[in-house]
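Just below is one structure, and these are the notes that go with it.
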Amino acid sequence: MDTTPQYLTDTAARSFETTVTRVKDDRVVLAETLFYPEGGGQPADHGTLRADGTEWAVTDVQKKDTIYHTLAGDPPKEGTTVSGELDWERRYAHMRYHTAQHLLSALLIEEYDAPTTGNQLYTDYARMDVEHDRFDAADLAHITDRMNDLIADARPVTWYELDRETAERELDPERTRIDLLPKSIDQLRIVEIEGYDRTACAGTHVANTEELGEFEMQGRESRGKGFERVRFVLHD
């Protein structure tokens, strides 16, 4: 039985109750989960599961044939009702950085024709790889200023499903790269920053750009001819 990914619809929820449907070594499968599995440059959520006075640390979450939660200690038995709680500080940091990455990716395409080729998020910074010859100091200062302007606009961030045919017709193919998704996927989860960006994404995000705080572009390095890696931080 597949796990219902509640993290896709209710990204602000911090706790939930569910049932263990499968146990495999130190991993459990849950009927529903708020724990985000590692993917798309976003690390897995951590947190705790509790049942009958016992507590287990959730140390990793991976999506394979279904979503597996790795626990510290002997796991609860199949059929056990458990309550889950996210490490919210960790999750919220990932939400902020993932939303900032979307905003920055859209900006770099718009102003530098530099599409994102990869990204990795952490709790205290993020890095992105882009197709671009070289950003100089003036570019980095300009990007920082533009990002802070966009953040200050307090743009709402929403997510919803869109059928693939409509997405391919309406969305920027350079930004979304829908062509890289398996043909079997006919419904896409779209994350939209009002008036600025729409792209397919299965990550978690904040509800408004004002939650990102102050953006600072920290530096760049070459990743080979025509490719750059940039690093940024968000300040409260």
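The table below lists the values:
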| quantity | calculated |
| --- | --- |
| Check: the stretch 42-106 dipole with +1 on Lys, Arg Cβ and -1 on Asp, Glu Cβ, in debye | 300 |
| Sites Asp172 and Ala31 - FRET efficiency at Förster radius 35 Å, r taken between beta-carbons, to 0.05 | 0.40 |
| Partners for Lys77 among lysines (Cα-Cα distance below 28 Å; same-chain residues under 8 apart left out) | Lys24, Lys63, Lys64 |
| Quotient of C-alpha Rg and 2.2 N^0.38 Å, computed over the stretch 124-236 | 1.19 |
| The stretch 125-236 - charge dipole about Cα centre, Lys and Arg +1 at Cβ, Asp and Glu -1, debye rounded to 20 | 500 |
| Probe 1.4 Å - accessible area at Leu181, Å² to nearest ten | 60 |
| Among Ser105, Thr66, Val206 the positive-end extreme of the charge dipole of the chain (Cβ point charges) | Thr66 |
| Charge dipole (debye, nearest 20) of the chain; +1 at Cβ of Lys and Arg, -1 at Cβ of Asp and Glu | 640 |
| Cα pair distances exceeding 19 angstrom across the stretch 18-113, given as percent | 45 |
| The stretch 7-150: relative contact order as a whole-number percent, Cα under 8 Å and 6+ apart | 22 |
| Net length gained if the chain between Ala51 and Asp113 were fully extended (0.36 nm per residue, minus Cα distance) | 17.1 nm |
| Expected 222 nm ellipticity per residue - DSSP helices of 4 or more, -39500 (n - 2.57), all of the chain, to 500 | -7000 deg cm²/dmol |
| Of all accessible heavy-atom area on the chain, the percent that carbon and sulfur account for (1.4 Å) | 44 |
| Residues of the chain: accessible area per residue with a 1.4 Å probe, Å² | 49 |
| Taking only Cα atoms of the stretch 38-186, radius of gyration then Dmax in Å | 19.4, 59 |
| Spacing of the two label points (7 Å from each Cα toward its C-beta) at Asp236 and Tyr122, in nm | 1.9 |
| Solvent-accessible surface (1.4 angstrom probe) belonging to Glu110, in square angstrom, nearest 10 | 110 |
| Accessible area of Asp172 in the full protein assembly, 1.4 Å probe (Å², nearest 10) | 70 |
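The values are calculated or read from the model by the stated rules, or taken from the named source; none is laboratory data. Everything numeric here is computed off the predicted structure, so don't read it as measured data. Note: ideal-geometry Cβ built from the backbone for every residue, glycine included; neighbour counts use all protein chains shown. Accessible surface is based on the protein model in full, side chains and every heavy atom, while ligands, DNA and RNA are left aside. Shrake-Rupley method; radii C 1.70, N 1.55, O 1.52, S 1.80 Å.
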